[in-house]
Amino acid sequence: MIPEVEQSIWVVVFYWLLMFPIAVMVLVRTTNFWADDGPGTVFEAVRTTLATGLVVFLTYDLSGYFFARLMQSPQLGIVFPVDYGYWDWIREPLCLKWQVLGFVPVIRYLPVLFALTAGSTLQIFWWKISFRQGLLAFVSQIALNVIAMTMLSFVFVFFIGMREGATASSAPTANNQRQSTAAERRDRDRSAQAASNASPGGLAGFQQRVRELGVRKGPFAGGIREKWESINQVFEPGYAFFQPITRYLPLFVQDFLNAGGWLFAGPSLAAFGWYGWRNRYRRSRSDLNNAQ
């Protein structure tokens, strides 16, 4: 989720309340398209969406925690606190987990792969289809949901900007009076942040230790990352061209695309669309022949 939406817990709740029925509709439409099947009732559609989301999230989160544990290096001082468990991990922000798992290249994409496999497997059991069809159905659900999240984020940013602009224009005097107070508060926040950075705990401490050492001192990670970053710089003008659109995507999607994901996403989406069109065409021809 983008930072503009995360600024208030009520905005986040409202965002997901709007997003959930969209996800339900996406599940119904994609399963009807790929499997000629789907939830028969609204209750089944809601239950299936909730179950899919829960299984996919736990698969991603548990595997991410497992890999984060494996990446610990006592020799370099990169370790979790002794009493840090999964209950602490699950409450950490997703963006922080994503950054920590990026300590070793490619590792943070493995939980994504496991989550995709889990979601596709669920489609097999529910709709009695092959794994290939289940994968296509689930990937199409993710793609459509990300597009919906992007459009919804754009709407939220628009109205949040309008509200902030109206507040600023209606109360300029109050804003001027609060400037000194805001400056003092920022100074206090910086002091508190500096104090917390001195010895942070939990996942934040893990991440800070990684930053202090640098990935070049990490186990076998530096060379791979350095070489890829030198290659990826060639495509930065293209990333900048799409940035007005990608800035509304969830942060981990932005990071994936700007780290070279466009090279994979573009051909994949083209192949996905072509296969979907061919599959639909063949089924329509088959239905027409059966009708005759």
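The values are calculated or read from the model by the stated rules, or taken from the named source; none is laboratory data. Keep in mind the model is a prediction, meaning the values are calculated, not measured. Please note: Cβ atoms are built from the backbone with ideal geometry, for glycine as well, and neighbour counts cover all protein chains shown. We work out accessible area using only protein heavy atoms, side chains counted, and drop any ligands, DNA or RNA first. Shrake-Rupley method; radii C 1.70, N 1.55, O 1.52, S 1.80 Å.
Observations on the model:
- Hey, Asp83 of a type in the set (D, E, K, R) and open to solvent by less than 50 Å² (accessible area, probe 1.4 Å) or not: no
- Apart from one condition, Phe138 fits all of (1) modelled with pLDDT under 90; (2) more than 24 Å from Lys227 (Cα to Cα); (3) over 14 Å from the mean Cα position of the chain (by Cα); the exception is (1).
- Taken as a whole, region 98-105 holds no residue that is under 30 Å from Ser284 (Cβ atoms), surrounded by 18 or more Cβ atoms within 10 Å (Cβ to Cβ) and in contact with a Pro (Cβ under 8 Å, 6 or more places away or on another chain).
- Residues of region 71-108 that turn out to be within 26 Å of Leu249 (Cβ to Cβ), part of a helix (DSSP H, G or I) and out of contact with any Lys or Arg (no Cβ under 9 Å at 6 or more places or on another chain), as a count: 4
- Looking only at region 238-268, and only at residues there that are among the aliphatic types (A, V, I, L, M) and open to solvent by less than 30 Å² (accessible area, probe 1.4 Å), the one that is nearest to Met149 (Cα to Cα): Leu249
- Test: Phe125 is over 14 Å from the mean Cα position of the chain (by Cα), crowded, with 17+ Cβ neighbours inside 10 Å and assigned to a helix (DSSP H, G or I): no
- Verdict on Phe67 being in contact with a Lys or Arg (Cβ under 8 Å, 6 or more places away or on another chain) and not in a helix (DSSP H, G or I): no
- Residue list for region 20-43, restricted to those being modelled with pLDDT of 85 or more, open to solvent by 60 Å² or more (accessible area, probe 1.4 Å) and outside any helix (DSSP H, G or I): Thr41
- Region 30-49 - residue that is free of Cβ contacts under 8 Å to residues at least 60 places away in the same chain and under 18 Å from Ser120 (Cβ atoms) and, of those, nearest to the chain's Cα centre (by Cα): Thr49
- Listed here are the helices (runs of 4 or more DSSP H) enclosed by region 208-277 that have at least 3 residues being at pLDDT below 75 and of a type outside the set (A, V, I, L, M): 221-232.
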